[in-house]
Amino acid sequence: MKSRKLVYEGKSKILYEGPEPGTLVQYFKDDTTALDATKKAVLEGKGVLNNRISEYLMTKLTDIGVPNHFMRRLNMREQLIREVEIIPLEVVVRNIAAGSLSKRLGIEEGTTLPRSIIEFFLKDDKLHDPMVTEEHITAFQWAAPQEIDEMVASAIRINDFLSGLFLGLGIRLVDVKLEFGRLWENDMMRVILADEISPDSMRLWDVRTNEKMDKDRFRKDLGGVMEAYSEVAKRLGILNELQNNERKGPVLVK
Ligand code: 5GP
């Protein structure tokens, strides 16, 4: 097999050069990290589930007209994506208090927020991804004011859409982390959704039991991480398909 050029290796994904200019191959690893990568584990099959969950959600977002980098899934762990210039920010939309918001502001986890709240964090591991304001973002030119407007508008649509989709499956979308990139088409530049949307980057709680169905199970040593991710995939209608594909043996050609 021809070896591929590695473009970037992150904590849970690898990017390789794609088959055509302007494309990349995004590979989903089983590696999981938390607490600034001081806590690490390999969760067998996580990459396969996240690849499929992210494909499903990105495709649905394309269907409702939210531009994103996803092109097509290549295999169990890889998807073809458009190459973008990543904006070095994490855009977090919150519906229910949890995580760093609860810690920072002393708001009890589980409190429904008066309205969805958007926060920005600088993507910088060395600085532990600090929260930043629009003032910082524009002053240090991480993004232009118009790009912030585009990210916020897109983030609100994504959050509304995902909240409804998951509620229909008996899951509450507590919060979601999004990343955006600049896509150049000739002289035109557009800001589009990039990275992944998976239980690694969202908080998902079962409506009935309030059970966590996301990466907090790993962060908080609750166990059953893969079972929870599988349950999310199952409710999305993905898991049966995955299992059926795995079960498919060689086909007898008569
Ligand atoms: P918090 O700021 O409460 O820690 O996280 C808010 C949301 O963003 C959660 O859904 C969390 O999973 C996600 N998030 C925050 N930082 C990261 C990160 O560095 N990587 C990933 N994958 N998700 C993150």
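The values are calculated or read from the model by the stated rules, or taken from the named source; none is laboratory data. Source: prediction; values computed, not measured. Positions of Cβ are backbone-derived with ideal geometry, glycine not excepted, and every protein chain shown enters the neighbour counts.
Things to note:
- Residue within the stretch 69-88 that is within 16 Å of the ligand (Cβ to nearest atom), modelled with pLDDT of 95 or more, out of contact with any helix residue (DSSP H, G or I) (no Cβ under 9 Å at 6 or more places or on another chain) and assigned to a helix (DSSP H, G or I) present: no
- When D129 is tested against (1) of a type in the set (D, E, K, R); (2) within 13 Å of the ligand (Cβ to nearest atom); (3) modelled with pLDDT of 95 or more; (4) at negative phi, exactly one condition is not met: (4).
- Elements of type strands (runs of 3 or more DSSP E) contained in the stretch 9-54, each with 1 or more residues being more than 13 Å from the ligand (Cβ to nearest atom) and more than 14 Å from the chain's Cα centre (by Cα): 13-17, 23-28, 39-42
- Members of the stretch 47-67 found to be free of Cβ contacts under 8 Å to residues at least 60 places away in the same chain and among the β-branched types (V, I, T), listed by number: T59, T62
Okay, residues lined up against (1) over 24 Å from A153 (Cα atoms); (2) touching a Gly at 6+ places or on another chain (Cβ under 6 Å); (3) part of a strand (DSSP E or B):
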| site | (1), (2), (3) |
| --- | --- |
| V93 | no, no, yes |
| L101 | no, no, no |
| E108 | yes, no, no |
| R115 | no, no, yes |
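- Filtered residues of the stretch 15-34 (kept if hydroxyl-bearing (S, T, Y) and touching a helix residue (DSSP H, G or I) at 6+ places or on another chain (Cβ under 6 Å)): T32
- The stretch 89-111, residues that are within 11 Å of the ligand (Cβ to nearest atom) and of a type in the set (D, E): E90, E109
- Selection from the stretch 132-141 of residues that are within 16 Å of the ligand (Cβ to nearest atom) and part of a loop (DSSP other than H, G, I, E, B): T133
- Among the candidates T38, T32, residue that is in contact (Cβ under 8 Å) with a residue 24 or more places away in the chain, among the β-branched types (V, I, T) and under 26 Å from M226 (Cα atoms): T32
- Contact map, the stretch 96-107: residues that are without any contact (Cβ under 8 Å) to a residue 12 or more places away in the chain paired with residues that are in a loop (DSSP other than H, G, I, E, B) and more than 8 Å from the ligand (Cβ to nearest atom), Cβ distance under 9 Å, separation 6+ or inter-chain. Pairs shown: S102/E108; S102/E109; S102/G110; S102/T111; L105/A97; I107/A97.
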